[in-house]
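Each remark here refers to the structure printed beneath this line.
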Amino acid sequence: MVRSVNNTYNYNGNTYVRRNEKDALVGFYLASAASAVLFKLLPSFSNPFEKQMLREHANNYLYRDYFDRAVEQSGLLQKGLQVEHLAFSPQEGAALRDGFAVADAEIKAGLNACYEPKLKTIRLNKDKATITGFHELGHAVNHLSSKFGKVLQKLRVPGYVISGLMASIATFSRPKPKDAPRNALDWVLDNCTTIAVAGMLPTVAEEAMASYKGIKLAKTVGLSEPLVKNLKKFYGKALLSYAGYATVTGLAVYSMSKIMEIFTRPKKIS
Ligand SMILES: [Zn+2]
């Protein structure tokens, strides 16, 4: 590289203009704004699930016995599986309405359920939300009876951390011309969208696997065809919220990265 006046320099037979701090700042604000707008799309992916979840409280009695049978049928009780019933608590319900949702309160209100691998425990409100139980049982099958499923579960947290990191890295300046030799950080910068999406895939895949196995167990214990159909529909919406999160993250990282490229990459002038 040959330095010259006017903030220009020559590289590989071309002349480039170095970008200034102001460009980088404008890029950063635009990138942050684009990401904020994209993340506003998230509810459109999760609303269908949440709406059906509330409607299903009235159908809880249709699923409850079949869920208990599916737990027995799974053979996982012998492997240490437990089912914890979290009953509704009015105080925590009020906290939820006031927007102070905590995981336990959500479960007690029958708005969600979870499987805790460390405790080998399915946690749900059996008075309201056993429809979620088959899916959580699917997570337990993945954890306790499937090597591949277990690996996907273990990739969940690191995957999210990596995707989150990509969202920060996407806002870095791009001080080198496009055709300059790349080092490891440049490679990460060039591929941050792909890495961010890849980080989310184990979760989406494991969620899909959990639903598939849960539905299979529901069929095994004789859940009627219309209820199985409803289960599939409901779990499809749950998967949509995970896939939506991955999509929005990918789009946000992509747009932030492109905006930062436009505002911070040296401009070729000849
Ligand atoms: Zn799940």
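Taken across region 166-180, residues that are within 16 Å of the ligand (Cβ to nearest atom) and hydroxyl-bearing (Ser, Thr, Tyr) do not occur at all.
Within the option set VAL157, VAL188, VAL161, being within 16 Å of the ligand (Cβ to nearest atom), part of a helix (DSSP H, G or I) and surrounded by fewer than 19 Cβ atoms within 10 Å (Cβ to Cβ) holds for one residue only, VAL157.
Evaluate the following for ALA101: is it small (Gly, Ala, Ser), in a loop (DSSP other than H, G, I, E, B) and either more than 16 Å from the ligand (Cβ to nearest atom) or modelled with pLDDT under 95 (or both)? So ALA101 fits the description; yes. Can you find even one residue in region 207-215 that is out of contact with any Leu (no Cβ under 6 Å at 6 or more places or on another chain), of a type in the set (D, E, K, R), modelled with pLDDT of 95 or more and surrounded by fewer than 21 Cβ atoms within 10 Å (Cβ to Cβ)? No, because not a single residue in region 207-215 is out of contact with any Leu (no Cβ under 6 Å at 6 or more places or on another chain), of a type in the set (D, E, K, R), modelled with pLDDT of 95 or more and surrounded by fewer than 21 Cβ atoms within 10 Å (Cβ to Cβ).
Just checking, does region 166-184 include any residue being touching a Cys at 6+ places or on another chain (Cβ under 8 Å), within 22 Å of VAL151 (Cβ to Cβ) and part of a helix (DSSP H, G or I)? Within region 166-184 (the criterion being touching a Cys at 6+ places or on another chain (Cβ under 8 Å), within 22 Å of VAL151 (Cβ to Cβ) and part of a helix (DSSP H, G or I)), the answer is yes, since at least one residue qualifies. Go through (1) surrounded by 16 or more Cβ atoms within 10 Å (Cβ to Cβ); (2) basic (Lys, Arg); (3) in a helix (DSSP H, G or I) and name the single condition LYS229 misses. Here LYS229 meets the rest and fails (1).
Taken together, LYS118, LYS150 contain a single residue that is within 16 Å of the ligand (Cβ to nearest atom), loosely packed, with under 13 Cβ neighbours inside 10 Å and outside any loop (DSSP other than H, G, I, E, B), which is LYS118.
The values are calculated or read from the model by the stated rules, or taken from the named source; none is laboratory data. What you see is a predicted model, and the numbers here were worked out from it, not measured in a lab. Using ideal geometry, Cβ is built from the backbone for each residue, glycine included, and neighbour counts are taken over all protein chains shown.
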